[in-house]
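Reading through the C-alpha cells given below for one structure.
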Amino acid sequence: MSKGRNREKKIIHPLWVSGKPYYDLKSYYRNRFGDRVYKLQIDAGFTCPNRDGSRGRGGCIYCDGRGSELRRQGALPGITAQLEEGKKLYRRLRRAQRFVAYFQTATNTYGEPVYLKRLYDEALAVDGVVGLAIGTRPDAVTPEIVDLLAGYTGKHEVWLEYGLQSSHPVSLERINRGHTREEFEEAVALVAGTGIRLCVHVIIGLPWESREMVFATADYVAGLPLDGIKIHSLLLLAGTPLHELYRKKPFSLLTRDEYVRRVSGFLERLPPQVVVQRLTAEGYRDIFLAPDWARNKLQVLQHLARFQAETGSFQGRLWSS
Ligand code: SF4
C-alpha cells in the first residue's frame, strides 16, 4: 500500500474540507451546494474599455487582447450553445450536475444594463446553471449593474470578479491598467452588502515588485470585504507590450521557487474564509514565451503543496482581524 497516497489529510480549518492548507474552490462548492460545481467559461463577445479608447488604449501590458480560442475560430456561438457544450463535456467526464456560468473573456459588464440582463438571464435559464461569475474591471461597474446582479442573488450564486493585479499605484500605472486604486475601492464599496460575492484578481511576478510589495498587496486585499481571490503568475506572451519592453530591455522573471514562496506568503495573509479560486496561470500555448515553469500548472501546485508542508504554511497564518 502506498503510504503517501493513502495518508489521511489533516483538516486545518473546518471550511477547508478537501484537506488543502487553504480554502479551495472545491471545498467552497461542497460547503455551499453539498456537491461539486463546475465553472463553464463563456465568451459573450465583450470588448474592453482599456482598449477601445473609452478608458485607455493598448490594454494592460501583459494582455494579448485576442479573446478566447472560441472567438478566434469564427462567429461566436450563443450563450446557451456555449453552456450546453460545456455541460456535455463535464457531464461525460465528471458526471457533473451543477454549473456556474463564467463570463470570462474581456470586460463582462461593459454594456447597457438591459443588454447585460438579456445575457445573464439566458445563462441562468440553462438547466443545471446555479449561478453566475462575471469577470470585469472595477471601472466598468455602475450602481445600475450592481442592482441588476444583486437582483439575482436571492435565487442564485453571483460572483463579481474584479481585476486589480496590484495594490501599488506605481504598478497600476506601469501595467497600464487604466484605473486607479481609488476607483477599485469605489467599485468594492458598490458591492458591499448586496449579496454579490466579490473575487479579486492579482498578479505575482511583476518584475519591479519585490516580495514585500506582493505581501503588501495581500495585506491590502485582506482588509477588504473579499470573498475570493485569483492569483495569476505573470506570463510573457508574444505580441504584447510587455514582450516589446522585454525585447528592448530584458528583465528577470520569477523562478518557480520564488513564485511559490510569494504565493504561500500571500495566502498566509488572507482571512481563512476567502475562497482561493486560482493559484497560477496557464494556457496561451501558441504565444507563450516565459517563464517556462508556468507551462505546467500541476507542477506549480505540487511545488506549492510541498513548500507549504515543509514550512508549515497555511492560509491565514499571518492574518489578524
Ligand atoms: S482589462 Fe482585461 S481585457 Fe482589458 S486590456 Fe486589461 S487584461 Fe486585457
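A few notes on this one:
- In this structure the amide hydrogen of residue 236, modeled in the peptide plane, comes within under 5 Å of the amide hydrogens of 289, 290, none closer than 5 places in sequence on its chain.
- Mean projection area, nm², convex hull over Cα of region 168-287: 8.1 nm²
- Scanning residues 5 or more positions from residue 197 or on other chains, those with amide H under 5 Å from its amide H are 158, 159, 160, with H placed 1.01 Å from N in the peptide plane.
- Whole-Hz Karplus values for region 238-249 come out as 4, x, 8, x, 5, 4, 4, 4, 5, 5, 6, 8 Hz, taken residue by residue from phi with 6.51 cos²θ - 1.76 cosθ + 1.60 and θ = phi - 60°; glycine and proline positions read x.
- On a per residue basis, the convex hull of the C-alpha atoms belonging to region 1-139 measures out at 177 Å³.
- Of the residues 291, 225, 143, the one that moves most in a GNM of the chain with alpha-carbon contacts below 10 Å is 143.
- Where only alpha carbons of region 70-139 are counted, the Rg and the Dmax (Å): 12.8, 39
- Each Lys or Arg adds one and each Asp or Glu subtracts one; over the other residues with Cβ under 12 Å from the Cβ of residue 263, this totals +4.
- Calculated FRET value between residue 212 and residue 117, using beta carbons and R₀ = 45 Å, to 0.05: 0.55
- Histogram of C-alpha separations across the chain, 20 Å bin width, %: 31, 62, 7, 0
- Cα convex hull volume per residue for region 107-175 (Å³): 96 Å³
All of the numbers you see were taken from the coordinates with simple rules; none came from a lab. What you see is a predicted model, and the numbers here were worked out from it, not measured in a lab. Note that each Cβ is placed from the backbone with ideal geometry, even for glycine, and that neighbours are counted across all protein chains shown.
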